[in-house]
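Trainee: This is the structure I have questions about; it appears just below.
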Amino acid sequence: MHDAAIQAATGQIRRTEAGASPSPVVCTFFDEATNTATHVVHCPVTKRAAVIDSVLDYDAAAGRTSHGSAQAIVDYVVREGLGVDWQLETHAHADHLSAAPWLQEKIGGKLGIGADIVRVQAVFGKIFNAGTRFARDGSQFDCLFTDGETFRIGELPVTVLHVPGHTPADMAFVIGNVAFVGDTIFMPDFGTARADFPGGDSRQLFRSIRRLLSLPVETRLFLCHDYKAPGRDEYAWLTTVGHERGYNIHVHDGISEEEFVKMRTERDATLAMPRLLMPSVQVNMRGGHLPEPEADGVSYIKIPVNRV
């Protein structure tokens, strides 16, 4: 178990004009073991909330899970008197296990992900030889979002954007005047996400990022990861569209699609696979559930040899 570093990024709750939506309140829990930022966003008027990209603690050497990071979220939700409507995943993560099912048991919320998760399930179902018992239709999730779909969290309007490239199923959630962009773009001094996983595409990633950067320049962007770029001593996961357009080292204004694709392809070729890719994808393609127990009642994580 480890402590999550918690940063509140609430800003001032205000209404810009009569009838305008309130500004969302965001509290971020950073899991240093996986460099993951989990965000809890809520409506200040109704106290309705969503949890975005939660983390299940996993000791790979021992094959054991625990709930320290997720429990910190539960404690916050209870302390603030929030009602959780959604457990949202920006994509099927390859670097951490989702805690969404455990959180659903504790604080509720429907589990939602992009509809193209079925493409991820098809590819990785074969890689892991998951068999016919593993449904490849997204039925492990309560809601499969499509591009442009809208809903509300309390009085906060939400628009879902399909932003593929890192994986085929990446989604961003624009909630009021902020956006949760998953694994597309990082802090300006670190750049952008890799695009070399099965189904990834650097050209799609460029176009998805430019779509996100067409949002108003003052839009706050909450990121899913940070790795402390060289020369920076603190973790960070909050930036703005304007700052990314001006300073992102990979994709600032003026970088062409061809320049980006060349850079991303060459850089990705030098990167090692994420340490938790094998367990993470097997769990996350199942909506955060472990593989079905075998005859002895134990769940097993498979490691395909020389396959990936």
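Trainee: Which lysines have a Cα lying under 18 Å from the Cα of Lys110, excluding residues fewer than 8 positions away in the same chain?
Mentor: Lys47
Trainee: Counting DSSP beta bridges with both partners in the chain, what percentage is antiparallel, nearest 5?
Mentor: 70
Trainee: Would you mind working out the accessible area per residue for segment 31-127, using a 1.4 Å probe, and quoting it in Å²?
Mentor: That works out to 34 Å² for each residue.
Trainee: Could you tell me what percent of the accessible area of the chain is made up of carbon and sulfur, with a 1.4 Å probe and every protein chain present?
Mentor: 51
Trainee: Please identify the DSSP H helices in the chain that span no less than 30 Å along the helix axis (Cα) and have a mean Kyte-Doolittle hydropathy of -0.5 or more.
Mentor: none
Trainee: Once you have a ≥ b ≥ c as the square roots of the Cα gyration tensor eigenvalues for segment 187-277, tell me rounded if a/c is under 1.5, and otherwise prolate or oblate according to whether a/b is larger than b/c.
Mentor: Since a/c reaches 1.5 but b/c is at least a/b, the shape of segment 187-277 is classed as oblate.
Trainee: Could you please state, rounded to a whole Å, how far the C-alpha centre of segment 102-127 is from the C-alpha centre of segment 25-80?
Mentor: For segment 102-127 versus segment 25-80, the Cα centre distance is 17 Å.
Trainee: Just to be sure I understand: with springs between alpha-carbon atoms less than 10 Å apart, which residue in Asp31, Asp233, Asp147 has the highest mean-square fluctuation in the Gaussian network model of the chain?
Mentor: Asp233
Trainee: Could you please report the charge total around Thr28, scoring K, R as +1 and D, E as -1 over all other residues with beta-carbon less than 11 angstrom from its beta-carbon?
Mentor: Cβ neighbours under 11 Å give a net charge of -3.
Trainee: Moving on to the next point. Expected output is a single nm value to one decimal: the length gained when fully extending between Thr159 and His243, i.e. 0.36 nm times separation in residues minus the C-alpha distance. What is it?
Mentor: Values: separation 84, 0.36 × 84 = 30.24 nm, distance 2.20 nm.
Gain on extension, Thr159 to His243, equals 28.0 nm.
Trainee: Only helical DSSP H runs with n ≥ 4 go in: add -39500 (n - 2.57) per run for the chain, normalise by residue count and round the 222 nm mean residue ellipticity to 500 deg cm²/dmol.
Mentor: Helix contribution divided over all residues of the chain: -6500 deg cm²/dmol.
Trainee: What does the net charge come to around Thr240 if you take all other residues with beta carbon closer than 13 Å to its beta carbon, with K and R at +1 and D and E at -1?
Mentor: 0
Trainee: Also, quick follow-up: Return the lysines within reach of Lys126: Cα separation strictly under 22 angstrom, same-chain partners fewer than 8 residues apart disregarded; answer none if there are no such residues.
Mentor: Partners within reach: Lys302.
Trainee: Please compute the volume of the convex hull spanned by the alpha-carbon atoms of segment 152-308 and report it per residue in Å³.
Mentor: 151
Trainee: Please give the length that would be gained between Arg79 and Glu105 if that part of the chain were fully extended, namely 0.36 nm times their separation in residues minus their C-alpha to C-alpha distance (nm, one decimal).
Mentor: Length gained, Arg79 through Glu105: 7.6 nm.
Trainee: Using Cα-only point scatterers and the Debye equation, what is log10 of I(q)/I(0) for segment 102-196 at each q in 0.13 Å⁻¹, rounded to two decimals?
Mentor: Log10 I(q)/I(0), no solvent term: -0.56.
Trainee: Please give the net charge around Val77, taking every other residue with its beta carbon less than 14 angstrom from that of Val77, where Lys and Arg add +1 and Asp and Glu add -1.
Mentor: 0
The values are calculated or read from the model by the stated rules, or taken from the named source; none is laboratory data. Since this is a predicted model, take the numbers as computed values, not measurements. Because the Cβ atoms are built from the backbone with ideal geometry, glycine has one as well, and the counts that use them run over all protein chains shown. Calculation scope for accessible area: heavy atoms of the full protein, side chains included, ligands and nucleic acids excluded. Shrake-Rupley method; radii C 1.70, N 1.55, O 1.52, S 1.80 Å.
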